Amino acid sequence: MKIPEPQNTTSQAIVKWYEAKPQEHRQHMGASIIGHDCPRYIWLTWRWARQPEFPGRILRLFSTGNREEPRFIEELRGIGATVWDRDESGQQFTVRALDGHFGGSLDGIAKGVPEAPKTACALEFKTHNHKSFLTLGNKGVQEAKPQHYAQMQIYMHLMQLDRALYLAADKDTDEVYSEWVHLDKAAAERLLARAQGLIEATSPPERISDDRNSRACKYCSFQAHCHGDIAAQSNCRTCCHS
């Protein structure tokens, strides 16, 4: 029989410390979610239907991903690439479109990477669990992680770059995966059109499934809002005059 863990442990204090940090809405629709399968999920996120609330373990997991970024930059510079991780004002490279309502932040821009030493490219860094990492290696980023692929298409298009380097780390084995991704201008323009349509939509778009227990809906953070159990939170984005 497992002995219950005391409530005042160091590990629990760390988790609570993460949870005590403010979790705020993103002001713009993010390029990181525009490739999501469900248009209603994107719309509900944009409309601030629920306050972001992640358990401390997940917030710590996000932090793990962020901490991998400077390591990748150090490694790229270590193999001889030139990496710009900040713009002229010292801030992270950002892109905006659709009157500032859509965009995202790049992990950096590099030149001198082995795939094409003379060509500048956008950088996208991700971490994966082992199962996801194996799928990525077998299928490639476009099929295995379409949201990541869409995110890079937006960044390349808005930064006027024609290539991106996708670097991923396996959190279990520390193995590294790299993939050279080319700009698909037509795909980027379709994604921008999708973003504009969702930003301007005054009513919820079709959900991906009408079965709340489907694989797509069962673990969605918006399940209760989408399938009518609870109302959206009151704020400027959910106001009928917005």
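Applying the selection to region 179-211, what residues are hydrophobic (A, V, I, L, M, F, W, C), exposed (fewer than 14 other Cβ atoms within 10 Å of the Cβ) and not in a helix (DSSP H, G or I)?
Within region 179-211, no residue meets the criteria.
Looking only at region 39-51, how many residues end up being open to solvent by less than 30 Å² (accessible area, probe 1.4 Å) and within 15 Å of the chain's Cα centre (by Cα)?
2
Within region 139-156, how many residues turn out to be among the β-branched types (Val, Ile, Thr) and closer than 17 Å to ARG96 by Cβ? Quick ask: steps written out before the conclusion?
We begin by selecting, within region 139-156, every residue among the β-branched types (Val, Ile, Thr); these are 141, 154.
Restricting the remaining residues to those that are closer than 17 Å to ARG96 by Cβ gives 154.
Within region 139-156, residues that are among the β-branched types (Val, Ile, Thr) and closer than 17 Å to ARG96 by Cβ number 1.
Taking region 218-235 as the search range and keeping residues that are in a loop (DSSP other than H, G, I, E, B) and in contact (Cβ under 8 Å) with a residue 24 or more places away in the chain, which one is least open to solvent (accessible area, probe 1.4 Å)?
Looking only at region 218-235, we keep the residues that are in a loop (DSSP other than H, G, I, E, B), and these are 218-222, 227-235.
Now restrict to residues that are in contact (Cβ under 8 Å) with a residue 24 or more places away in the chain: 220-222, 232-233, 235.
Numbers: CYS220: 42, SER221: 56, PHE222: 13, ALA232: 52, GLN233: 74, ASN235: 42 Å².
For region 218-235, the residue satisfying everything is PHE222.
Scan region 13-23 and give yes if some residue there is closer than 30 Å to LYS118 by Cα, open to solvent by less than 60 Å² (accessible area, probe 1.4 Å), in contact with a helix residue (DSSP H, G or I) (Cβ under 9 Å, 6 or more places away or on another chain) and not in a helix (DSSP H, G or I), otherwise no.
At the first step, the residues of region 13-23 found to be closer than 30 Å to LYS118 by Cα are none.
No - not one qualifying residue is present in region 13-23.
Could you go through region 190-200 and let me know if any residue there is of a type in the set (Lys, Arg), touching a residue at least 60 places away in the same chain (Cβ under 8 Å) and either touching a strand residue (DSSP E or B) at 6+ places or on another chain (Cβ under 7 Å) or within 30 Å of GLN160 (Cα to Cα) (or both). Write out each step before concluding.
So in region 190-200, the residues of a type in the set (Lys, Arg) come out as 190, 194.
Now drop any that are not touching a residue at least 60 places away in the same chain (Cβ under 8 Å), which leaves 194.
Subsequent filtering for residues that are either touching a strand residue (DSSP E or B) at 6+ places or on another chain (Cβ under 7 Å) or within 30 Å of GLN160 (Cα to Cα) (or both) retains 194.
Yes: region 190-200 contains one or more residues that are of a type in the set (Lys, Arg), touching a residue at least 60 places away in the same chain (Cβ under 8 Å) and either touching a strand residue (DSSP E or B) at 6+ places or on another chain (Cβ under 7 Å) or within 30 Å of GLN160 (Cα to Cα) (or both).
Where in region 70-119 are the strands (runs of 3 or more DSSP E), entirely inside, with at least 2 residues that are modelled with pLDDT of 95 or more and open to solvent by less than 20 Å² (accessible area, probe 1.4 Å)? I'd like the intermediate steps shown before the answer.
Values: elements: 82-84, 94-97, 102-105, 108-111.
In region 70-119, the matching strands (runs of 3 or more DSSP E) lie at 94-97, 102-105, 108-111.
Mind listing just one residue for me: the one in region 128-139 that is touching a residue at least 40 places away in the same chain (Cβ under 8 Å) and surrounded by fewer than 19 Cβ atoms within 10 Å (Cβ to Cβ) and, of those, nearest to the chain's Cα centre (by Cα)?
Selected residue: ASN129.
Taking region 140-178 as the search range and keeping residues that are part of a loop (DSSP other than H, G, I, E, B) and basic (Lys, Arg), which one is surrounded by the fewest Cβ atoms within 10 Å (Cβ to Cβ)?
So the first thing to find is which residues in region 140-178 are part of a loop (DSSP other than H, G, I, E, B), and the list is 140, 145, 160-162, 171-175.
Of the ones still in play, those that are also basic (Lys, Arg) are 145, 171.
Values: LYS145: 21, LYS171: 17.
Residue satisfying both the conditions and the ranking: LYS171.
The values are calculated or read from the model by the stated rules, or taken from the named source; none is laboratory data. For clarity, every value in this text was computed on a predicted model and none was experimentally measured. Cβ atoms come from the backbone with ideal geometry, glycine included; neighbour counts cover every protein chain shown. These area figures cover heavy atoms from the full protein model, side chains too; ligands, DNA and RNA do not enter into them. Shrake-Rupley method; radii C 1.70, N 1.55, O 1.52, S 1.80 Å.
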